[in-house]
Amino acid sequence: MNHVIEMNELSKWYGEVIGLNNVTACIRDGITGLLGHNGAGKTTLLSLATGQLRPSRGEITVLGERPWNNPRLLSRTGYCPEADAFWRGLTGRQFVTFLARANGMTRRGALRAADAAIDLVRMGEDQHRRIAEYSRGMRQRIKVAQALARRPELLVLDEPLAGMDPVGRAELIALFKRFAESGTAVIVSSHILHEVEAMTDNILLLDHGQLVAEGEVHEIRDSLEEQSHQVLLRARESRRLATLLAGQDYVAALEVQDGQTLILHTHDPDRLYRELPGILADNNIACSEISSPDDSLEAVFGYLTGRP
Amino acid sequence: MPVRRRGYHRWKGKLSSARWTWPAILSNGLRLGMKQKGASLLLWSGLPIAVVAGLLFYFMAVLEKQTAHPVQLPNELRFILWFLRMDRIPSLDIGKLIVPMWTLVFARLFQLELLLILLVQSKFGANQIAGDLRTDALPIYFSKPITVWTYLLGKWLIMMAFASAVMLVPNLVAYVAGVLLSDTVTQFRATAGLLARITAHSLLLAGLSSLIILALSSLTRDRRLVSVAWFAIALLPIAIQAVLDDAVPGRYATGLLGAVSLQRNFGRLTYWMLDVDGAVTSSGHAKLFGSAAGSGLYGADLGYSVAVLAAITAVCLLICLKRVRRFQVAVANA
């Protein structure tokens, strides 16, 4: 697996404000979610990766090159910013074509590339309308189109799904997955966890400019030894099941909710899953659901940042 | 097969280097500018001036033929000669006066066109960088292989194009009309040098004014503030200059205190670039032109004006560079 972005003690500060603090990480092929609350440093990191900021300390390489003051590298990356940066007098097609030409394409090449990119984001019918008439979701699509036009090796997307309806979100997520499968590295920055969860397991979690976690969600979860795992069970005889499980040494705590739901806290989920079927079978208890609410991005995020 | 099902094909094709991305910025800026209300009207407004100048050149050509081959002038032309205080001129050899007269006409044209430049730069230039700052467009620009220099070059050329439409184009139209309405070959031979001068000076004035409006546009996100500042810079010093002209002794008026207003400095530059004094002197009838030759305020101490304009150019360029580079802090802090 290739390392698309490598960061080594990367820091960026603006006077007394620390944007990014001593981040050492690698981003690989495929889709990587860049997570964090507002002000965590996501945009700073993306700005460093797209060559718009110079590191205050440390270094960052993108596709093997330093991005700062490197226009040649920028023609290999596509960036979809969070801000709605539009020239309102332009149509969607003119917008995408202009930015394709700004990538160094000839006029004819830019027109062809724009047509294909607009078709990919399903804006073909509205491409000749002025951007000022677009809805929020349409503007997002056209922003993504301009990032795709050049067919970059690295796609950097800052809150690409903001303001989109569920159908639009699903379409774009499918599109990003397709790109990732075709060999393009995709970085998606978002503070909406379930969106990122729908795209990838691979995350980079920032908080107050620092790297809090890196890797796949369940690996990160497993590494949080001090946090007990939650397991949710649904059974009609939840109270009898609770009595049976209460005596087990791998169960740290139990909680019965609404008569049929039992929430277990355990530090040894593997042993629980190994022994639970036997307990249920021996005592003839039917269980309609077994799930782990905190093997989710939201839970991991909450544990690591200390915020719900 | 629909594009969506074809998979993700890496784009293959030749790319120009980052140095050549400014044409895209230029064409986009021109397209956006022309979409503004009243854009065409403003840009065409220089042409009536050119037509009037062309007619003047025609009358001069008629006068030249009159003195070379005297014929009875029609009454209408006699009236115009009287109106222009040129009714005694037929006793002179107009041929020798053509170059200084054309030079003076163009000098006056430049003064009128400066007013149009004021309006054009305000309309098209105020929002050039201010608009990009307001809409956070700079990250999207600089995520492409565009450098700060190519960005500023593209923006400057946009303003050069609009400014040239009301300065260079009318001057060229007036010149071509004058040549075509006269004895073409002779007239062109006599005034070819003037053509080069008016072209160079048009481009110089367009370039300087474009740089000033870009610098102002880079200072704020509000285009209205830019317009107010632009008019203030252009007009207030004229009033201050008028006060100084009355207040200070004459020997200071041609020095630095005589180089306060942009209008005065541009005027001096115009008279020097067009070589008004040289044209008038070589005609052998300098007294005929009197103060119209401008040897008083415009002919002297050009050095001060050049220094002032050079300083303004340097300051404006620095402002543009610093402000465009500084956006990065604003973006990351947002």
Integer Hz, Karplus 6.51/-1.76/1.60 couplings in order for segment B:227-239, x for Gly and Pro
4, 4, 4, 4, 5, 5, 5, 7, 9, 4, x, 5, 5
A:LEU232/A:ASN38 FRET efficiency (R0 30 Å; Cβ-Cβ; nearest 0.05):
0.50
Heavy-atom accessible area of A:VAL17, protein chains in place, probe 1.4 angstrom, given in Å² to nearest 10, is 80 Å²
When only DSSP loop residues count, what chymotrypsin sites (Phe, Trp or Tyr not before Pro) in segment B:105-187 have their Cβ near at most 12 other Cβ atoms within 10 Å?
none
Using alpha carbon coordinates only, what is the Rg to Rh ratio of segment A:183-295, with Rh defined as the Kirkwood radius?
1.08
At what distance in nm do the modelled label points of B:THR281 and B:LYS96 sit from each other, each positioned 7 Å from its Cα along Cα→Cβ?
1.7 nm
Taking B:LYS96 as the anchor, which aspartates and glutamates have their alpha carbon closer than 13 Å to its alpha carbon, excluding any fewer than eight residues away along the same chain?
B:GLU64
Note, segment B:186-199: 3J(HN,Hα) by Karplus (6.51, -1.76, 1.60, θ = phi - 60°), whole Hz, Gly/Pro = x, goes 4, 4, 5, 4, 6, 10, 4, x, 5, 4, 4, 5, 5, 5
Within 10 Å of each Cβ of A:80-86, how many other protein chain Cβ atoms are there on average?
5
Inter-part distance where segment B:138-154 and segment B:203-275 are each reduced to a Cα centre, Å
30 Å
Ignoring everything but the protein chains, give the 1.4 Å probe accessible area of B:LYS322 in square angstrom, nearest 10.
150 Å²
Return the FRET efficiency for the residue pair B:LEU204, A:GLU6: r is the Cβ-Cβ distance, R0 is 51 Å, and the value is rounded to the nearest 0.05.
0.55
Which of rounded, prolate, oblate describes segment A:3-216, given a ≥ b ≥ c as roots of the alpha-carbon gyration tensor eigenvalues and a/c under 1.5 marking rounded, otherwise prolate only if a/b is larger than b/c?
prolate
Rounded to the nearest 0.05, what FRET efficiency do A:ALA132 and A:ASP282 give with R0 = 51 Å and r taken as the Cβ-Cβ distance? Could you check?
0.15
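Counting only protein heavy atoms and using a 1.4 Å probe, what share of the accessible area of chain A belongs to carbon plus sulfur, as a whole percent?
44 percent
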In the structure shown, of A:LYS42/B:LYS35; A:LYS177/B:LYS144; A:LYS12/B:LYS123; B:LYS123/B:LYS322; B:LYS35/B:LYS322, the pairs separated by more than 28 angstrom at the C-alpha atoms are A:LYS42/B:LYS35; A:LYS12/B:LYS123; B:LYS35/B:LYS322
Take the alpha-carbon centre of segment A:50-124, take the same for segment A:171-188, and report the distance between them in whole Å.
16 Å
Helix-only mean residue ellipticity at 222 nm, chain A, DSSP H runs n ≥ 4 weighted -39,500 (n - 2.57), per residue, nearest 500. What is it?
-10500 deg cm²/dmol
What residues have an amide H closer than 5 Å to that of A:ASP29, excluding those fewer than 5 places away on the same chain, when H is modeled at 1.01 Å from N in the peptide plane?
A:ASN2, A:VAL4
Highest mean first, what order results for A:75-88, A:173-186, A:238-251 on Cβ atoms within 10 Å?
A:75-88, A:173-186, A:238-251
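The values are calculated or read from the model by the stated rules, or taken from the named source; none is laboratory data. Remember, predicted model here, so these are calculated numbers, not experimental data. Neighbour counts are summed over all protein chains in view; Cβ atoms, including those assigned to glycine, are modelled from backbone coordinates with ideal geometry. With ligands, DNA and RNA removed, areas are computed over all heavy atoms of the protein, side chains included. Shrake-Rupley method; radii C 1.70, N 1.55, O 1.52, S 1.80 Å.
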